[in-house]
Amino acid sequence: MTGRRLLHVAFSDDWEACGRFGEYDVATRRTLVDDAGHVHATTASGLAAVLRGVYGDATEALVLVVVDEGSLETQGIPVRWEPDGTGAASPRIGGPLPMDRETVVAVLEVGRGPDGWAAPDLAGLDVRETAPPFSPAGS
């Protein structure tokens, strides 16, 4: 299934370990979906801030997971857009992430250089550049 795609940064070891069970249940660094209630995701324009802010001091290998929104919708897994503190909105995947080929369209290694983590090339992956227009509840 094709569609707009989201990004999720994961520790390579976490991603690999969850593969045995067919679903990824880590929300973000040091947090499980059971505790957060969702999987944190981002757009292409938000990726650098996530790599720098959330994972900047990490020394473990990282992967970038490209997630198909249409596949999540087909499986009944909602994507919510919530304010991220900068005036923009960030995607939240409403449950564990199925690790099937329709949902996870690519898993890319994240390189580390002298200036920190470097985002891999996203060309041709139909990744959302930015969040859809966001209006706070009650507006």
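Does R20 meet the test of being farther than 20 Å from S90 by Cβ, free of Cβ contacts under 8 Å to residues at least 40 places away in the same chain and out of contact with any strand residue (DSSP E or B) (no Cβ under 8 Å at 6 or more places or on another chain)? Let's see the steps before the verdict.
Working: farther than 20 Å from S90 by Cβ: yes; free of Cβ contacts under 8 Å to residues at least 40 places away in the same chain: yes; out of contact with any strand residue (DSSP E or B) (no Cβ under 8 Å at 6 or more places or on another chain): yes.
Yes; evaluated as a whole, the condition is true for this residue.
Give A49, A17 a once-over and let me know the one that is closer than 21 Å to L125 by Cβ and either of a type in the set (G, A, S) or part of a helix (DSSP H, G or I) (or both).
Details: A17 fails: closer than 21 Å to L125 by Cβ.
Exactly one of A49, A17 is closer than 21 Å to L125 by Cβ and either of a type in the set (G, A, S) or part of a helix (DSSP H, G or I) (or both), namely A49.
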#### Entry: Search result, residues across region 1-54 that are of a type in the set (S, T, Y) and over 21 Å from T130 (Cβ atoms)
S12, Y24, T31
### Message
Within region 96-118, take every residue that is modelled with pLDDT under 95 and assigned to a loop (DSSP other than H, G, I, E, B) and give me the one that is surrounded by the fewest Cβ atoms within 10 Å (Cβ to Cβ).
### Response
P114
### Message
Just to verify a result, which residue in region 84-93, among those that are in contact with a Ser or Thr (Cβ under 8 Å, 6 or more places away or on another chain) and not in a loop (DSSP other than H, G, I, E, B), is surrounded by the most Cβ atoms within 10 Å (Cβ to Cβ)?
### Response
P91
#### Entry: Single match in E60, E129 (criterion: under 23 Å from E23 (Cβ atoms) and charged (D, E, K, R))
E60
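One line per residue, one yes/no per condition, for (1) touching a Cys at 6+ places or on another chain (Cβ under 6 Å); (2) under 12 Å from V110 (Cβ atoms); (3) surrounded by fewer than 16 Cβ atoms within 10 Å (Cβ to Cβ); (4) among the β-branched types (V, I, T):
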site	(1), (2), (3), (4)
T43	no, no, no, yes
G46	no, no, no, no
L51	no, yes, no, no
E60	no, yes, yes, no
L64	no, yes, no, no
D68	no, no, no, no
E73	no, no, yes, no
G76	no, no, yes, no
V79	no, no, no, yes
### Criterion violated by R29 - all others in (1) surrounded by 14 or more Cβ atoms within 10 Å (Cβ to Cβ); (2) closer than 18 Å to V127 by Cα; (3) out of contact with any Leu (no Cβ under 6 Å at 6 or more places or on another chain); (4) not aliphatic (A, V, I, L, M) satisfied
(2)
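The values are calculated or read from the model by the stated rules, or taken from the named source; none is laboratory data. Since the model is a prediction, treat every value here as computed from it, not as a measurement. We place every Cβ from the backbone using ideal geometry, glycine too, and count neighbours over all the protein chains shown.
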